[in-house]
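J.: Input: one structure, supplied below.
The values are calculated or read from the model by the stated rules, or taken from the named source; none is laboratory data. Quick caveat, the model's predicted, so the values are computed rather than measured. Because the Cβ atoms are built from the backbone with ideal geometry, glycine has one as well, and the counts that use them run over all protein chains shown.
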Amino acid sequence: MADLLKEIEAQIAGAKATTAKQNVGVIREIGDGVAKIEGLNDAMLNEMIDLGKGVTGLALNLDETEVGVVILGDYTKLKEGDEVRTTGKLLQVPVGKGLLGRVVNILGEPVDGKGPIKSDKAYPAEKTAPGIIRRRSVSQPVQTGIMPIDAMIPIGRGQRELIIGDRATGKTTICIDTIISQARLNKAAEVAGDKDYRPLYCIYVAIGQKQSTIARVIAVLEEAGAMPYTIIVASPASDSAANQYLVPFAGAAMGEWFMDNGMDALIVYDDLTKQAVAYRQVSLLLKRPSGREAFPGDVFYLHSRLLERAARVGEKYGNGSLTAMPIIETQSGDVSAYIPTNVISITDGQIFLETDLFYQGVRPAINVGISVSRVGSAAQVKAMKQVAGKLKGELAQFRELAAFAQFGSDLDAKTQAQIDRGKRIMEIFKQAQYNPIPVEIQVVVIWTVQNGYVDQVPVARVKEFQNKLTEYFTTRKGQLLAKIGREKALSDELKAELKVAADDFKQTWQ
Amino acid sequence: MKITKRAKRDAKYLFRVCLVKGLLDESRVRQVAQHLAASGERNSPSILAHFLRLVKLDCARHTAAIESATPLPPDLRAVIQNGLEHRYGPGLTIIFAHSPELIGGIRIQVGSDVYDGSVRAGLEALEKSF
């Protein structure tokens, strides 16, 4: 005890009284999650404001006589006349591998009841995107495990690929499948001790969704064993509009940490339509002037500055990447609305999902004709490029001919063959949800289709043929699949082996 | 009362008219207020309301409230006054107040700037750090 007293005495003797300058203000008006504050002359844009009683806000409007603040918490605790102060800090979120496997809110606080998160680093939610010098072109693939995407609309690491479609067309499913596919690949590489494989970590940002929907997504990922490689950042529909507008930025900061540290990450924004609506709400409450569809003038900048943060950085800067998969929900397939056109123009391609296709049983309901990937083909696996290079053209021809054939006119043999092939390709591309297919299997299946092995199979039995073929190759030709996976290209030797195996299978198929 | 953009603009113009070398001139403020109150124009009340707000904010910017746990001796008051005038320029209205709840030390507020060297502030900071 005597030591402790001496220690305290020494500390008192050495203590220096310091008086720091603070900037304070007074709440003049409060309501709907927005406060108008008088004073705060030194407040900065996007600075966190300490509103007292454990509540923080974000300074969004700096006017001549007042500061407009959005409140990130329970604003019912606050009242007019309360003193507030600036913090000198921007909105920050914890980052790092400690967040993997966790469900967090906009501030990076756990909401999954699994205890505190181990993270000693924080990144600002708003950060300038990597500049031109730091970037390099996309060259590594993101294997989504969804055959039509990997074959015809390939996505590269660092790309921004938009998923767009009406409600209930399978937009989220595509992203979940991609996350599951990454988890499987990461796990397989870990088990095999493959040090060359770059694991792809995933961040799923749920914006304005029902809590039950988020719970379902978590359950699916847990069941598929994808959670250890995934972070879920959630701002459900019950959250304030300010939280819903800011949560994608928090998710992007978490993803950027992986990129800055030479790792690869994939971020899913589900969905940016709801974020734009939340931003419109905040802007209208802050009395900012509104424009088209009542969105504020800077709604394009809201999305562009968020999506620009997805990048592939050069070797000199760690060689990391952040791939973005934003989701946009359209109304009755109208892609010419304000937000869809904005995001289409920002991203490096889009995957269109159609309600009609969905109800025709084509699932995933991807309209291959108008879906495009502007940079991903450079990252596509060579073997896939070899087998699927002509697929998009063939399908386009098929659609044209099929429309013509509806008139019931007689068709020549070649046209009929093209239509038959097209029908079979369409069948091959149907895929069950949460069941990503490894790229080697995809290559084998597409190769067999392109080499006429499916032409004699009735359309109704194509799926059965595909399943049996997959089973045959995985159980009996594992080495051949491993060779395709390793070499990533179809050499003449491999093609010959494939031919022997496919002939062998064809003989057993009934 | 809804204050329109035009009323705000007019109030701001009148406020600028009341400034002499960057400081608010009391007699001009009085004149403007009397004129607006007597004019009877439809917009006058809203202009006057915003004008009043601008004047209030300017007063707060040029007022230094100095609180201390014990009354300050005149020489210390003079030192503080000189220091504040050096930092914020002339035309500062200085108000000294006695606030025992500070426990010890001084708290100075000029506009939205606060220099809190009181014991109470120190204890509050300590409480937050726990």
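J.: Could we say that A:LYS53 is at negative phi and either in contact (Cβ under 8 Å) with a residue 40 or more places away in the chain or not polar (S, T, N, Q) (or both) here?
T.: No, not satisfied.
J.: Return yes or no: is A:ASN451 of a type in the set (S, T, N, Q), within 30 Å of A:ARG216 (Cα to Cα) and at pLDDT below 95?
T.: no
J.: Identify the residue in segment A:1-52 that is over 19 Å from A:LEU91 (Cα atoms), assigned to a loop (DSSP other than H, G, I, E, B) and among the charged types (D, E, K, R) and, among all such residues, is modelled with the lowest pLDDT.
T.: Out of the qualifying residues, it is A:LYS16.
J.: Related question: Filter segment A:53-63 down to the residues that are within 14 Å of chain B (Cβ to nearest Cβ) and in a strand (DSSP E or B), then identify the one that is surrounded by the fewest Cβ atoms within 10 Å (Cβ to Cβ).
T.: A:LEU62
J.: May I pose another question? Let me spell it out: the conditions are (1) within 22 Å of A:ASP239 (Cβ to Cβ); (2) within 14 Å of chain B (Cβ to nearest Cβ); (3) in contact with a Phe, Trp or Tyr (Cβ under 9 Å, 6 or more places away or on another chain), and A:GLN22 meets all of them except one. Which number is the exception?
T.: Looking at each condition in turn, A:GLN22 falls short on (1).
J.: Give all pairs with beta carbons closer than 8 Å in which a residue from segment B:34-54 that is more than 14 Å from chain A (Cβ to nearest Cβ) meets a residue that is charged (D, E, K, R) and surrounded by 12 or more Cβ atoms within 10 Å (Cβ to Cβ); count only pairs at least 6 apart in sequence or on separate chains.
T.: Listed by first residue and then by second, the contacts come to B:ASN43/B:ASP10; B:ILE47/B:ASP10.
J.: Mind listing whichever residues of segment B:97-130 are within 9 Å of another protein chain (Cβ to nearest Cβ) and more than 26 Å from A:GLU38 (Cβ to Cβ)?
T.: If the condition is that a residue be within 9 Å of another protein chain (Cβ to nearest Cβ) and more than 26 Å from A:GLU38 (Cβ to Cβ), then B:GLY105, B:GLY122 are the ones that fit.
J.: Moving to a separate point now. Against the condition away from every other protein chain (no Cβ under 14 Å), closer than 24 Å to A:ASN105 by Cα and under 36 Å from the mean Cα position of the chain (by Cα), how does A:GLY73 come out, does it pass?
T.: yes
J.: Please give the strands (runs of 3 or more DSSP E) falling wholly within segment A:80-129 in which 1 or more residues are at pLDDT 95 or above and more than 14 Å from chain B (Cβ to nearest Cβ).
T.: In segment A:80-129, A:92-95, A:121-124 are the strands (runs of 3 or more DSSP E) which contain 1 or more residues that are at pLDDT 95 or above and more than 14 Å from chain B (Cβ to nearest Cβ).
J.: Would it be correct to say that B:VAL79 is within 14 Å of chain A (Cβ to nearest Cβ), farther than 25 Å from A:THR87 by Cα and outside any loop (DSSP other than H, G, I, E, B)?
T.: Considered against the rule, which asks whether it is within 14 Å of chain A (Cβ to nearest Cβ), farther than 25 Å from A:THR87 by Cα and outside any loop (DSSP other than H, G, I, E, B), B:VAL79 comes out as no.
J.: Among the numbered criteria (1) within 15 Å of A:ILE149 (Cα to Cα); (2) surrounded by fewer than 20 Cβ atoms within 10 Å (Cβ to Cβ), which one does A:ILE366 miss?
T.: For A:ILE366, the exception is condition (2).
J.: From the list A:ILE37, A:ILE8, which one is crowded, with 22+ Cβ neighbours inside 10 Å and either within 14 Å of chain B (Cβ to nearest Cβ) or under 27 Å from B:VAL119 (Cβ atoms) (or both)?
T.: Going through A:ILE37, A:ILE8 in turn, the sole match is A:ILE37.
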